[in-house]
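To keep things clear, I will list the structure first and then write my remarks on it.
The values are calculated or read from the model by the stated rules, or taken from the named source; none is laboratory data. Bear in mind the structure is a predicted one, so any value in this text is a computation, not a measurement. Positions of Cβ are backbone-derived with ideal geometry, glycine not excepted, and every protein chain shown enters the neighbour counts.
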2 protein chains.
Amino acid sequence: MNKSKILLVDDEPDILELIGYNLEKEGYEVHTASNGREAVNLARKIVPDLILLDVMMPEMDGMEACREIREDPQLRHALIAFLTARNEDYSQIAGFDAGADDYIPKPIKPRVLISRIKALLRRSAGVPESTSPLPAQIGISIDKEKYLVYKDGEELSLPKKEFELLVLLISQPGRVFTRDHILASVWGNDVIVGDRTIDVHIRKLREKLGDDYFKTIKGVGYKFEP
Amino acid sequence: MNKSKILLVDDEPDILELIGYNLEKEGYEVHTASNGREAVNLARKIVPDLILLDVMMPEMDGMEACREIREDPQLRHALIAFLTARNEDYSQIAGFDAGADDYIPKPIKPRVLISRIKALLRRSAGVPESTSPLPAQIGISIDKEKYLVYKDGEELSLPKKEFELLVLLISQPGRVFTRDHILASVWGNDVIVGDRTIDVHIRKLREKLGDDYFKTIKGVGYKFEP
DNA sequence: TTTTTGCATTAATGATGTCTTAACCTTATT
DNA sequence: AATAAGGTTAAGACATCATTAATGCAAAAA
């Protein structure tokens, strides 16, 4: 497997150095940022597998950064772990609600941190996650940058939700995505929508791109097939 | 989606009650055990999605139980989180090495716990088990991601229950699964169905895949054999 | 600001496939 | 032969999804 990319974010250079050193020693590809704003921008560029976020930072704090990251479809599946002073129960809760996957207490003990990171990455391993340009080939292709879809050369412009749903499904053609997965990916984890919302969007896609591309697996979810 | 099953293990009845209550309130299906031995046995029966394990317990402690659970192929993919007194750094490390997915410090604050559980389950929901096709080889093979079954190259799409039943049986070819085990795995523990339900589904599988693959062990259960 | 437009969501209804049941049949075991 | 366990079948109950139209909302245009 490729090296996992970790984005380490803290405003204290000492911490960046100490932790960064230890992570690199473990074979991770480490990038660093010293505030939330910088972190979000860098994350968009490098698309890390895991983001370690200090909660307290100037410019933009960790929780705020976390929310922003979670809103980017590219980064929605990145793991996010908070680094925070212990006994900050409030931030602990808020952190998770903002979409974090773990919470790591300061002061950080490198060995503990490594164990924990391994556990986190172990979980998400095996999810290819289309970082790269999408498989064009068949009938339908996508240009994420331009937010455009091509069907037999014809250029289509889809609304946001439809587009994101399509991107998700087409990212792994043939694979079934459960409704829960779709909701988590396209809508986000804390958005609550009714039962029929996904169906309607699927229908729009079928209408615009052809029924045959989208297969329903009853009780499970949907998949895209060429 | 089905309710997630959580197995809660602690030797203090008060904890079981408090945490159990809160988890049920969140819509989880909760089972409890008060020591490691009991936990392992119960886990084999109900096949939980997540196991919350106290570290310090009589009879068999959490770490030992964790190791044993990880050795059962049925349970290999269950999430395991340790509950332990804070500042026990050693057990923290050892816990992860035993194959745990998270570490939750006591005293437990219900809201914190819930957040964390959600994060854990959210993660694993997006990873529907092994990324790659199962055992495969001759005759019949399965692709869980695509929800497809291949019989001599031919592609079949089975309904949910049939598919899940097949996945269970084929996960350990040759092994006999009792009716109870099948019910717990495929139907869930609180679902009550009649005596003939399993038979009917087995029959459908035999119809579609060939009689020879599914052997009945009278008075015991069924097994898949290549 | 007001109007307009288009998207996201919901609600209501209809269609379809899946699951379960019930009644009866078959087979092995004693 | 009697019994218990499972096999078979078809019909009805049930769950899930498809479809459509209407609503609310927010961004863009006037």
query: Which condition does B:Thr178 not pass, out of (1) within 20 Å of the chain's Cα centre (by Cα); (2) within 11 Å of DNA strand C (Cβ to nearest atom); (3) among the polar types (S, T, N, Q), if it passes all the others?
result: (2)
message: Please pick out the residue among B:Pro128, B:Pro133, B:Pro105 that is under 27 Å from B:Val193 (Cα atoms) and at pLDDT below 80.
response: B:Pro128
query: Which numbered condition trips up A:Lys160, out of (1) within 13 Å of DNA strand C (Cβ to nearest atom); (2) more than 25 Å from A:Leu75 (Cα to Cα)?
result: (2)
task: Would you tally the residues in region B:1-24 being surrounded by fewer than 21 Cβ atoms within 10 Å (Cβ to Cβ) and within 25 Å of A:His181 (Cβ to Cβ)?
output: 4
statement: Filtering region A:181-202 for residues that are without any contact (Cβ under 8 Å) to a residue 40 or more places away in the chain and within 9 Å of DNA strand C (Cβ to nearest atom) leaves a count of 11
- request: Collect the residues in region A:207-221 that are more than 13 Å from chain B (Cβ to nearest Cβ), within 10 Å of DNA strand D (Cβ to nearest atom) and either hydroxyl-bearing (Ser, Thr, Tyr) or more than 27 Å from B:Lys161 (Cα to Cα) (or both), keeping them in residue-number order.
  value: A:Glu207
Filter result for the condition that a residue is surrounded by 19 or more Cβ atoms within 10 Å (Cβ to Cβ), more than 24 Å from B:Leu121 (Cα to Cα) and touching a helix residue (DSSP H, G or I) at 6+ places or on another chain (Cβ under 9 Å), over A:Ile198, A:Ile217, A:Ile170, A:Ile182: A:Ile170
- prompt: In region A:3-27, what count of residues is obtained for those that are among the aromatic types (Phe, Trp, Tyr) and in contact (Cβ under 8 Å) with a residue 40 or more places away in the chain?
  reply: 0
query: Is it the case that A:Glu207 is surrounded by fewer than 17 Cβ atoms within 10 Å (Cβ to Cβ), under 20 Å from A:Pro226 (Cα atoms) and not small (Gly, Ala, Ser)?
result: yes
Subset of region B:148-178 (residues that are part of a loop (DSSP other than H, G, I, E, B) and on the phi < 0 side of the Ramachandran plot): B:Ser157, B:Leu158, B:Pro159, B:Gln172, B:Pro173, B:Arg175
message: Looking only at residues that are hydrophobic (A, V, I, L, M, F, W, C) and more than 12 Å from B:Ile80 (Cβ to Cβ) in region B:29-53, which one is surrounded by the fewest Cβ atoms within 10 Å (Cβ to Cβ)?
response: B:Leu42
- request: Could you please find all residues in region A:168-194 being near DNA strand D (Cβ under 10 Å from one of its atoms) and within 12 Å of chain B (Cβ to nearest Cβ)?
  value: A:Thr178, A:Arg179
